[in-house]
Amino acid sequence: MIVDAHAHIFHELHGLTGQGATRSLTYGKALLGDQVFQMTPPMMEKTAFPPEALLANMDWAGVDKTVLLQGSYYGEANATVAEAVRRWPDRFAGAAFIDPRANDARDTFLRCVEDYGFRILKFEISVGTGLVGLYPDLRLDEDSMAWVWEEAEQRGLVMTLDLGAVGSTSYQTDAVQAMLARHPRLKVVICHLAQPPVARGDDAALGRLWQEQIQLATQPNVWFDLSALPAYASAVEAYPYPRACEYIRRAVERIGVDRLMWGTDAPGLLAQATYPQLLTFVRHHFSYLAPDDLAAVMGETARHVYGV
């Protein structure tokens with residue numbers, strides 16, 4: 001089984017970031033604050049990525065299932081994700097979006113878990129496109145988040161975290177470590193292989209910060225997805241992104257292959273490579289793995305962690 005552990009769907013961007021609002025334009029272009037940028041390839045008139053488009057890409061690449069994540073960059077889409085899971089339960093698992101500082105945060109949590117049936121909570125706290133951009137003083141170990149960690153552990157949910165760029169204020173390795181000590185039964189997935197400094201590989205300080213975060217997976221309830229690595233590498237190299245995959249090799253050496261899950265971060269990553277290429281670039285660089293280990297990275301670990 002092949003599982004994409006990290007992708008998104010949206011009918012229209014309606015998010016909010018520290019840089020401003022996000023809005024769909026046309027032919028892959030989008031608005032972030034007052035800046036127009038090419039979010040996806042110019043495939044269709046309206047910039048969107050509905051579940052049908054993701055399914056077509058999955059079928060093209062031979063991917064069986066996908067975990068649908070959310071974030072403030074795209075805009076809250078709990079109902080949209082829940083409907084996709086309802087229509088295609090054999091292809092999708094969904095994660096909830098909750099703003100922990102919103103007045104209705106607890107009501108949203110209950111609706112997502114009890115009405116929609118989500119078993120995953122996704123928190124993107126990155127400075128650029130996540131919650132720390134909106135709330136610069138937000139901490140994962142602050143009081144407003146305490147109830148979320150407790151509820152997630154008690155209910156057996158998975159907490160998926162995008163901690164942002166290495167070295168940024170959202171890169172809260174210490175806060176995650178504190179919460180893991182307090183909630184040892186909670187499954188935690190950290191996105192993007194902790195965002196290795198691919199384009200700044202000569203920065204020893206950033207390298208040490210990345211290694212500290214990777215070490216979290218020496219604990220039995222922590223995993224990393226491999227999504228978005230081509231985006232970090234594209235400034236310094238082209239497909240098949242050998243520098244990016246060098247960090248995957250380092251992670252395998254430090255924490256073991258069973259701590260890693262393949263993912264794409266589509267549709268944004270489709271500006272760097274096609275969906276099949278996002279699959280094959282990992283397979284290409286993992287040729288040294290035994291077949292069972294490769295199968296774990298490409299889907300079996302995600303199937304176990306996320307219960308897809």
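The values are calculated or read from the model by the stated rules, or taken from the named source; none is laboratory data. Here the structure is a predicted model, which is why all the values come from computation and not from measurement. Glycine gets a Cβ as well: all are built from the backbone with ideal geometry, and neighbour counts include every protein chain shown.
Yes or no, residue by residue, for (1) surrounded by 17 or more Cβ atoms within 10 Å (Cβ to Cβ); (2) touching a Lys or Arg at 6+ places or on another chain (Cβ under 7 Å):
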site	(1), (2)
V176	yes, no
A181	no, no
I190	yes, no
D202	no, no
W210	yes, no
I214	yes, yes
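Considering segment 48-85, and only residues there that are crowded, with 24+ Cβ neighbours inside 10 Å and of a type in the set (V, I, T), the residue that is nearest to I120 (Cα to Cα) turns out to be V67.
Pairing each residue of segment 119-136 that is polar (S, T, N, Q) with any residue that is part of a helix (DSSP H, G or I), provided the two are 6+ apart or on different chains, yields C-beta distances under 8 Å for S126/V132; S126/G133.
Can you give me the number of residues within segment 281-308 that are of a type in the set (F, W, Y) and in contact with a Cys (Cβ under 9 Å, 6 or more places away or on another chain)?
2
Only strands (runs of 3 or more DSSP E) whose full extent lies in segment 1-102 are considered here, and the ones with at least 2 residues that are touching a residue at least 40 places away in the same chain (Cβ under 8 Å) and either in contact with a His (Cβ under 6 Å, 6 or more places away or on another chain) or closer than 26 Å to M145 by Cβ (or both) are 3-7, 65-68, 92-97.
May I ask you to say which residue of D265, D225 is touching a Cys at 6+ places or on another chain (Cβ under 7 Å) and in contact (Cβ under 8 Å) with a residue 60 or more places away in the chain?
Testing whether each residue is touching a Cys at 6+ places or on another chain (Cβ under 7 Å) and in contact (Cβ under 8 Å) with a residue 60 or more places away in the chain leaves just D225.
Considered as a group, the residues in segment 278-308 that are part of a loop (DSSP other than H, G, I, E, B) and touching a helix residue (DSSP H, G or I) at 6+ places or on another chain (Cβ under 7 Å) include one that is surrounded by the most Cβ atoms within 10 Å (Cβ to Cβ), and that residue is V308.
When residues of segment 180-215 are filtered for being within 14 Å of A233 (Cα to Cα), in a helix (DSSP H, G or I) and not small (G, A, S), how many remain? Residues meeting the conditions: 4.
Tell me, yes or no, whether segment 227-243 has at least one residue that is among the small types (G, A, S), outside any helix (DSSP H, G or I) and loosely packed, with under 15 Cβ neighbours inside 10 Å. Yes.
If I go through segment 256-267 residue by residue, how many of them are under 18 Å from A194 (Cβ atoms) and crowded, with 20+ Cβ neighbours inside 10 Å?
Within segment 256-267, residues that are under 18 Å from A194 (Cβ atoms) and crowded, with 20+ Cβ neighbours inside 10 Å number 7.
In segment 281-294, the residue that is farthest from R119 (Cα to Cα) out of those that are of a type in the set (A, V, I, L, M) and touching a residue at least 12 places away in the same chain (Cβ under 8 Å) is L289.
Of all residues in segment 260-277, those satisfying the criterion of being farther than 18 Å from I2 by Cβ and in a helix (DSSP H, G or I) are G268, A271. Have a look at A77, A5 and point out the one that is aliphatic (A, V, I, L, M) and out of contact with any Gly (no Cβ under 7 Å at 6 or more places or on another chain). Only one candidate qualifies: A77.
Within segment 2-21, the residues that satisfy the criterion of being among the aliphatic types (A, V, I, L, M) and farther than 28 Å from V305 by Cβ are L13, L16, A21.
Scan segment 86-111 for residues that are buried (at least 19 other Cβ atoms within 10 Å of the Cβ) and over 22 Å from G133 (Cβ atoms) and jot them down.
Those that are buried (at least 19 other Cβ atoms within 10 Å of the Cβ) and over 22 Å from G133 (Cβ atoms): R91, F92, A93, G94.
Residue check: V3 meets all listed conditions (1) at pLDDT 95 or above; (2) of a type outside the set (K, R); (3) surrounded by fewer than 20 Cβ atoms within 10 Å (Cβ to Cβ) but one, namely (3).
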